[in-house]
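Read through the structure below, which is laid out as structure tokens, and then see the notes.
The values are calculated or read from the model by the stated rules, or taken from the named source; none is laboratory data. Everything numeric here is computed off the predicted structure, so don't read it as measured data. Heads up, the Cβs are rebuilt from the backbone with ideal geometry, glycines too, and the neighbour counts pull from every protein chain shown. Remember, those area values only see protein heavy atoms, side chains included, never the ligands or the DNA or RNA. Shrake-Rupley method; radii C 1.70, N 1.55, O 1.52, S 1.80 Å.
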Amino acid sequence: MTDETTARAGREFYTFDGRILEVFGSRPLRFHIRNMDLRVTGPDRRGRRTVEIVAGPPEALAAQYTWHHSAEDWQRAQGLEALLEAVRAGIASVREHGA
């Protein structure tokens, strides 16, 4: 069984099993690490951060999903930073090793 990492930030609940990132909120979304790119920006001067996922094959137009987190939400979101780092590491591993 694969370890699953979870986090809650604001209204969203994130889960990552090593291959699939799922975001449950107003509209549930699933992303596979082979078909996505992840960017986290911030904090800005007010402490806000933005999580941005671009999903889709490189040869096609991609869909872009963006979540904005207040400084408060980000601080309360225990485990979110670690979860996003795990997703980034998975994406990097796939790109480097094709695994």
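Cβ-Cβ contacts under 8 Å between residues 6 or more apart (or on different chains), taken from a first residue in the stretch 32-54 that is polar (S, T, N, Q) to a second residue that is in a loop (DSSP other than H, G, I, E, B), are listed as Asn35/Gly56; Asn35/Pro57; Thr50/Gly42.
Taken together, Ala60, Ala55 contain a single residue that is out of contact with any helix residue (DSSP H, G or I) (no Cβ under 9 Å at 6 or more places or on another chain), at negative phi and not β-branched (Val, Ile, Thr), which is Ala60. Filter the stretch 67-81 for residues that are farther than 13 Å from Leu21 by Cβ and either open to solvent by less than 60 Å² (accessible area, probe 1.4 Å) or not in a strand (DSSP E or B) (or both) and give the result. Hits for the stretch 67-81 are His69, Ser70, Ala71, Glu72, Asp73, Trp74, Gln75, Arg76, Ala77, Gln78, Gly79, Glu81.
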